[in-house]
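Quick notes on the structure that follows.
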Amino acid sequence: MNELEFVLGKIIDMDTRAKDVRTEAEQKLKDIEDFTNKRIRETEKIMLEISKKKLEETNNLKIQKADSEAKKIQKEADIMCNKIEDAYKKFSSDLINKITNEILNGSDER
């Protein structure tokens, strides 16, 4: 009976050890999954920050380009406006002189 008890004890020990190994393996697997999920979240966070920075840089460049274009258009518009004002002033001055001359010359004929 001693041998039978010994064998039965060994089987029970092996069964207990198998359960312990299984529990340990499951815990290690869970730890690996947790670590992997944590690394994935960290990587996603880093990638999101990089994407945000790149998007912000792109937007800033586009805003600078648009601002530069707007200033260029404004400068061209100012030049055109000044030319139109100068032409108007010249035309107005010429017209005033012409009318003044006609009035003065017309009053001479009377």
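The values are calculated or read from the model by the stated rules, or taken from the named source; none is laboratory data. Remember, it's a predicted structure, so these values are computed and weren't measured experimentally. With ideal geometry, Cβ positions are generated from the backbone for all residues, glycine too; neighbour counts draw on all protein chains shown.
If you go through the range 43-60 one residue at a time, do you hit one that is of a type in the set (A, V, I, L, M, F, W, C), surrounded by 10 or more Cβ atoms within 10 Å (Cβ to Cβ) and more than 17 Å from the chain's Cα centre (by Cα)? Before the answer, list the steps.
Within the range 43-60, the first condition is being of a type in the set (A, V, I, L, M, F, W, C), and the residues that meet it are 46-48, 50, 55.
Okay, now just the ones that are also surrounded by 10 or more Cβ atoms within 10 Å (Cβ to Cβ), so 46-48, 50, 55.
Subsequent filtering for residues that are more than 17 Å from the chain's Cα centre (by Cα) retains none.
No - not one qualifying residue is present in the range 43-60.
Would you be able to say whether some residue in the range 89-110 is aromatic (F, W, Y), at pLDDT 95 or above, in a helix (DSSP H, G or I) and more than 23 Å from the chain's Cα centre (by Cα)?
Within the range 89-110, not a single residue is aromatic (F, W, Y), at pLDDT 95 or above, in a helix (DSSP H, G or I) and more than 23 Å from the chain's Cα centre (by Cα).
Restrict the check to the range 3-12 and report whether at least one residue is of a type outside the set (S, T, Y), loosely packed, with under 10 Cβ neighbours inside 10 Å and not in a helix (DSSP H, G or I).
no
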